[in-house]
Amino acid sequence: MKLFKNILDSVKPHFEEGGKFEKLHPVYDGFATFLFTPGHTSHSGAHVRDAIDLKRTMITVVMAMVPALLFGMWNAGNLHYTALGLAETMTFGDKFLWGAMRIVPMLIVSYGVGLGVEFIFCIIKKHSIQEGYLVSGMLIPLIMPIDIPLWMVAVSVIFAVVIGKEVFGGTGMNILNPALTARAFAFFAYPTYMSGDKVWINTSADAGQSVVDGFSGATVLGSYATGGDVQYSVWDMFMGFIPGSIGETSTVAILIGAAILLYTGIASWRIMLSGVIGALAMGYLFNAFAPHAISPEQQSFMSLPGWQHLIMGGFAFGIVFMATDPVSAAQTNRGKWIYGFLVGFFAIMIRVFNPAYPEGIMMAILFMNVMAPLIDHYVIQANINKRKKRLATVKAA
Amino acid sequence: MAEVQEVKKEREALFSKKNRKLITDPLNDSNPITVQVLGICSALAITVKLYPALVMSLSVLFVLSAGNVVISLMRNLIPNRIRIIVQLVVVASLVILVDQVLKAYVYDVSKELSVFVGLIITNCIIMGRFEAFALGNTPWKSFLDGLGNAFGYAWILLTVAFFRELLGSGQLFGFQIVPESWYLSEGGFYSNNGLMLLPPMALITVGIIIWVQRSRNTELIEEN
């Protein structure tokens, strides 16, 4: 630590006003405050003294995602070797290492490109670096398929940071969740790499290896949407031994993350709870209306027990880590209830009714991100009207 | 046009500074698409490829400059109350003319542009220029104004189409620009960006142009 402090102090004059690298001050500032508590205090106005700041909030969310990330690494390797019929012979370490070899580069690309774009914008716009990307940079690899080429990750990240965030004024000003913007971009720009039954499990075989007979790489949702056989049990889905985006498969790992977020109070329990209620409501509504489905595939999908939707696909990941994004979600407490409920409700509706988008949670959250300010507006207006009415009755009495 | 006064003026040179501004202003600071935000629908719909965008730009160029001249010639004869109808008749006749020519000589493109050639009639740029300029100015000035606005429309259209065709199909004017060997099917790594072919990306591209333009000229930013 002393070493870092010395280095920072020795280069500091270059980044001050009049120094050689004056323009790069935001970069210096970003690194310095990343390592040490800044020495300056606010000069005016009211401010709150609190142990929690943006950096700590972000790091907590990143830590909450670590279980899903580690599980994703092992799961990617496990599925790869299962597809090759080698699951029995390979050790836990082999599988984990295989996944890590593919996922760590994605993380590096995501953080490198994303922070690079942020630094460039900070230098142009002359404001200090915000920590918002720490979470997005971790989320983006977790919601991508294992086989996506790294350059597509990079392009999606650039799009998400520039169009999803910087256009609106940077961290805290964005309308849409940046990580989901990246995924939506990749989904529409490179559909063959983002959907279907080929991309979720890596089947590249080395010499002497071959894919086992009867192998299917379809996700659970994909199988249901096309009426195919589902070869995974409910226990598999809950534990996460299923194909899917890297971080989304294991409901258990996500629940650990959710516990961290809820214990620290960083994510809103209202959104998570109402999201689950919304999904269950839609799921059981479907059960009730299943006899009226228009096709046998849809009927079998609709008659799926409502609660099973919670452990399939990206629902759990989305509702825990993305719907609760404090920037793009509704801000008022009553608004959060409505927002969360509709996220869950629409996620299941899109999932079942639109076979082109087997994963509805992405669309549902993006859609509700756009609607969140509207919800807040009406919640606040209702409150104002209520108080006006109360005032009128008090005056009359 | 009631206010058109016959003031004895010195004859203005054909390309005086003021007249040249009629052409150059719409290219940047009062661009019909990015600043006045008119004619957006066609800019989103027909910019998937460069060639249709070019044909569309030329059609608008013809309709706008010719229409401006015709309206300007008739400006003292049109009764105020029915001026919109007269304008519509003029622009509709010109558009039908363009449509017939396109069908005769570039049938494929005409099919691709489909309804959007007909929709030039209701293109806000054209009605806007008739109302705002041709009704109160001399034919020559109106002609220049028409040219300027059509060029302003054209360069935005072509810029958007350039990026959409290059990134979305790897081509320019139908010629393959991205080497075939780059594509995944040929053993490469590259894949065209499918989002570029969808209308939202045209909106985003126009938005980026507006963003760049307003960062360069901060006077264009509206006060809240």
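Scanning for something within 14 Å of chain B (Cβ to nearest Cβ) and either outside any loop (DSSP other than H, G, I, E, B) or at pLDDT below 85 (or both), does the range A:125-132 turn up at least one residue?
yes
Do we have B:ILE126 as over 30 Å from A:ASP147 (Cβ atoms), surrounded by 14 or more Cβ atoms within 10 Å (Cβ to Cβ), away from chain A (no Cβ under 14 Å) and β-branched (Val, Ile, Thr) here?
Yes: the conditions hold for B:ILE126.
If you take the residues in the range B:167-183 that are open to solvent by 40 Å² or more (accessible area, probe 1.4 Å) and among the hydrophobic types (A, V, I, L, M, F, W, C), which one is nearest to the other protein chains (Cβ to nearest Cβ)? Even if it seems obvious, please write down each step before you answer.
Looking only at the range B:167-183, we keep the residues that are open to solvent by 40 Å² or more (accessible area, probe 1.4 Å), and these are B:167, B:171, B:173-177, B:179-182.
With among the hydrophobic types (A, V, I, L, M, F, W, C) added as a condition, the list becomes B:167, B:173, B:175, B:177, B:182.
On the way: B:LEU167: 9, B:PHE173: 23, B:PHE175: 22, B:ILE177: 18, B:TRP182: 11 Å.
Residue satisfying both the conditions and the ranking: B:LEU167.
Considering each of A:ILE175, A:ILE146 in turn, give the residue that is part of a loop (DSSP other than H, G, I, E, B) and within 14 Å of chain B (Cβ to nearest Cβ).
Selected residue: A:ILE175, the only one of A:ILE175, A:ILE146 that is part of a loop (DSSP other than H, G, I, E, B) and within 14 Å of chain B (Cβ to nearest Cβ).
If I filter the range B:186-216 down to residues being closer than 16 Å to B:VAL37 by Cβ and polar (S, T, N, Q), which single residue comes out as modelled with the highest pLDDT?
Among those residues, the one meeting the criterion is B:THR205.
Of the conditions (1) assigned to a helix (DSSP H, G or I); (2) surrounded by 13 or more Cβ atoms within 10 Å (Cβ to Cβ), A:ARG390 clears all except one; give me its number.
Of the numbered conditions (1) assigned to a helix (DSSP H, G or I); (2) surrounded by 13 or more Cβ atoms within 10 Å (Cβ to Cβ), the odd one out for A:ARG390 is (2).
Would you confirm, using the coordinates I've provided, whether A:ALA184 is in contact with a helix residue (DSSP H, G or I) (Cβ under 9 Å, 6 or more places away or on another chain), crowded, with 19+ Cβ neighbours inside 10 Å and in a helix (DSSP H, G or I)? First the steps, then the outcome.
Details: in contact with a helix residue (DSSP H, G or I) (Cβ under 9 Å, 6 or more places away or on another chain): yes; crowded, with 19+ Cβ neighbours inside 10 Å: yes; in a helix (DSSP H, G or I): yes.
Answer is yes for this residue.
Every residue in the range B:34-56 that is open to solvent by 40 Å² or more (accessible area, probe 1.4 Å), outside any loop (DSSP other than H, G, I, E, B) and of a type outside the set (A, V, I, L, M), please.
B:CYS41, B:TYR51
Just to be sure before I move on: is A:ALA253 assigned by TED's automatic domain parsing to the domain that holds A:ILE103, surrounded by fewer than 24 Cβ atoms within 10 Å (Cβ to Cβ) and either in contact with a strand residue (DSSP E or B) (Cβ under 9 Å, 6 or more places away or on another chain) or at pLDDT 85 or above (or both) in the structure I sent? Show your work before the answer.
Values: assigned by TED's automatic domain parsing to the domain that holds A:ILE103: yes; surrounded by fewer than 24 Cβ atoms within 10 Å (Cβ to Cβ): no; either in contact with a strand residue (DSSP E or B) (Cβ under 9 Å, 6 or more places away or on another chain) or at pLDDT 85 or above (or both): yes.
Answer is no for this residue.
Conditions: (1) over 25 Å from A:VAL157 (Cα atoms); (2) assigned to a helix (DSSP H, G or I); (3) open to solvent by less than 80 Å² (accessible area, probe 1.4 Å). A:ALA64 meets all but one. Number of the miss?
Status for A:ALA64: all satisfied but (1).
Which one is most open to solvent (accessible area, probe 1.4 Å), of the residues in the range B:57-106 that are over 27 Å from B:LEU27 (Cβ atoms) and not in a helix (DSSP H, G or I)?
Looking at the filtered set, the residue picked out is B:LEU77.
Of all residues being at pLDDT below 90 and crowded, with 23+ Cβ neighbours inside 10 Å in the range A:153-170, which is nearest to the other protein chains (Cβ to nearest Cβ)? Just the residue, please.
Among them, the one singled out is A:GLY164.
I'd like to verify a number: residues in the range A:321-348 that are of a type outside the set (Ser, Thr, Tyr) and assigned to a loop (DSSP other than H, G, I, E, B), how many?
7
Which pairs do you get when a residue that is on the phi > 0 side of the Ramachandran plot, found in the range A:116-127, comes within reach of a residue that is part of a helix (DSSP H, G or I), reach meaning Cβ atoms under 9 angstrom, with the pair 6+ apart or on two chains?
Pairs found: A:LYS126/A:LYS23; A:LYS126/A:HIS25; A:LYS126/A:PRO26.
Please identify the pairs in which a residue from the range B:184-207 that is more than 9 Å from chain A (Cβ to nearest Cβ) and farther than 16 Å from A:ILE158 by Cβ has its Cβ atom under 6 Å from the Cβ atom of a residue that is of a type in the set (Ser, Thr, Tyr) and crowded, with 21+ Cβ neighbours inside 10 Å, counting only partners at least 6 apart or on another chain.
B:ALA202/B:THR47
Filter the range B:107-118 down to residues that are within 18 Å of the chain's Cα centre (by Cα) and either of a type in the set (Gly, Ala, Ser) or open to solvent by 40 Å² or more (accessible area, probe 1.4 Å) (or both), then give me how many there are.
Selection size over the range B:107-118: 6.
Would you check if there is a residue in the range A:1-22 being under 25 Å from A:PHE119 (Cβ atoms), outside the structural domain of A:PRO243 (by TED's automatic domain parsing), touching a residue at least 60 places away in the same chain (Cβ under 8 Å) and open to solvent by 30 Å² or more (accessible area, probe 1.4 Å)?
The answer is no, given that none of the residues of the range A:1-22 is under 25 Å from A:PHE119 (Cβ atoms), outside the structural domain of A:PRO243 (by TED's automatic domain parsing), touching a residue at least 60 places away in the same chain (Cβ under 8 Å) and open to solvent by 30 Å² or more (accessible area, probe 1.4 Å).
The values are calculated or read from the model by the stated rules, or taken from the named source; none is laboratory data. Please read all numbers here as calculations on a predicted model, not as lab measurements. Ideal geometry is used to build each Cβ from the backbone, glycine not excepted, and the neighbour counts take in all protein chains shown. The area values use the complete protein model at the heavy-atom level, side chains included, leaving out ligands, DNA and RNA. Shrake-Rupley method; radii C 1.70, N 1.55, O 1.52, S 1.80 Å.
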